[in-house]
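None of the figures in this text is laboratory data; all of them are computed from the coordinates on show. Values in this document were obtained by computation on a predicted structure and should not be read as measured data. Using ideal geometry, Cβ is built from the backbone for each residue, glycine included, and neighbour counts are taken over all protein chains shown.
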Amino acid sequence: MTPRADVLLYGDNTEFRNPFREGETILGAAARIGADLEVSPRVTLSLGVFGNQRFGSEKAFEQVRPVISLRVHGRRSDFVFGTLPAQRVDIPPGPDRMGPHALLPPLQRETLTFDRPYEAGLQWDVAGGLLRHSVWLEWQRVNTPEHRERFDGGLNLEVRAKSALSFPAQVHVVHEGGQLFSKGAVADSPGAAAGVALSKSIGPTRTSVDVYGLLSRYVPDRSRPALSRDGVAFFGRAAAERNGWRGHVIFWRGRNFIKDEGDPNYLSIRRDGSRYRGTRDYAEAGVSRRFFLAPAASLDVSGRVHRVENHYEYSYRVVSVIGVRWRVR
């Protein structure tokens, strides 16, 4: 048996005031405490409790859930059934890569890591020499007489051709439906990205460039096909890392790109629900610093400048991830 504690402390402040995204401050802590029970050398049962606390809330916890998961692990793969894994200490640095499943921000916004730190469903991860992927299905809401069911799923894949060249691909879909009760519209929001990534170390500095082409299909109501929209976009990013520091720039152009759970700064829909009919432009530049407080604890501090059409704004973030294990024989 291995008792464990996984804690995520988050502070995110966005000083936005543009037609697409409103500013927001998110402060809180998400923790899960429990134990891993070894059923066999390859099978682990995890039991515990999860709690999410928002600083300043009148509630002790915004959300309390049980942690129940079955993990089957091999030499290069892990399959999880139940509560999906907590945020890891060794996640890639950078605020633009901090989403729940490390997807591009227009497919799934980063702040869902703080707004929805508890996820449950199925996940299969593979980490090989040439192929790396994560596939998941995550249930958010069941079908009741008051509302439709809701779930999302996706794929984050990378095929490595050479040490410096890889071909990433990402797919994400959000669905609302259900057959037991028909309250509300049946809706779909799939999106996909495919591209090329180059990375190279120049002395102690690691540089990377990745470019993607993206497609989206927005279906807010299957019974009203005239409301559906198809979108296309380009995403480009360059970054440099050295001694815990990371700097990055992002450039984006999109047309009719609308994606449920995507970052509104990238999308062709305004806060009031109206559609932006031109070509959307977005860019950001940021710098971040990762501190390893201990082998099981990290602290990330970052700041960014954003250009949303003709609006210039800024944001900053502080995130700490702690994962502690105690082996009991």
Those residues of the range 66-99 whose amide nitrogen sits under 16 Å from the label point placed on Tyr316, 7 Å along Cα→Cβ: 95
Normalised contact order of the range 73-318, rounded percent, pairs of Cα under 8 Å and 6 or more residues apart: 13 percent
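Exactly which trypsin sites (Lys or Arg not before Pro) in the range 193-276 are in a DSSP loop and have at most 14 other Cβ atoms within 10 Å?
Arg222, Arg270, Arg271
Please identify the chymotrypsin sites (Phe, Trp or Tyr not before Pro) of the range 25-131 that satisfy two criteria: DSSP loop assignment and at most 14 other Cβ atoms within 10 Å. Which are they?
Phe55
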Pair Arg277, Glu15: separation of 7 Å Cα→Cβ label points (nm): 3.5 nm
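Contour minus end-to-end for Ala127 and Asp221, with contour as 0.36 nm per residue of separation and end-to-end as the Cα-Cα distance?
Fully extending the segment from Ala127 to Asp221 adds 30.1 nm.
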Calculated FRET efficiency for the pair Arg160/Phe291, C-beta based, R₀ 25 Å, to 0.05: 0.30
Helical contribution to [θ] at 222 nm, DSSP H n ≥ 4, -39,500 (n - 2.57), averaged over the chain, rounded to 500: 0 deg cm²/dmol
For Rg and Dmax of the Cα atoms in Å, calculated from these coordinates, the label among (1) 20.2, 63; (2) 22.6, 74; (3) 18.7, 54: (1)
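Among the trypsin sites (Lys or Arg not before Pro) in the range 56-113, which ones are in a DSSP loop with at most 12 other Cβ atoms within 10 Å of the Cβ? Mind listing them?
Those that pass, being in a loop and sparsely packed, are Lys59, Arg75, Arg76, Arg88.
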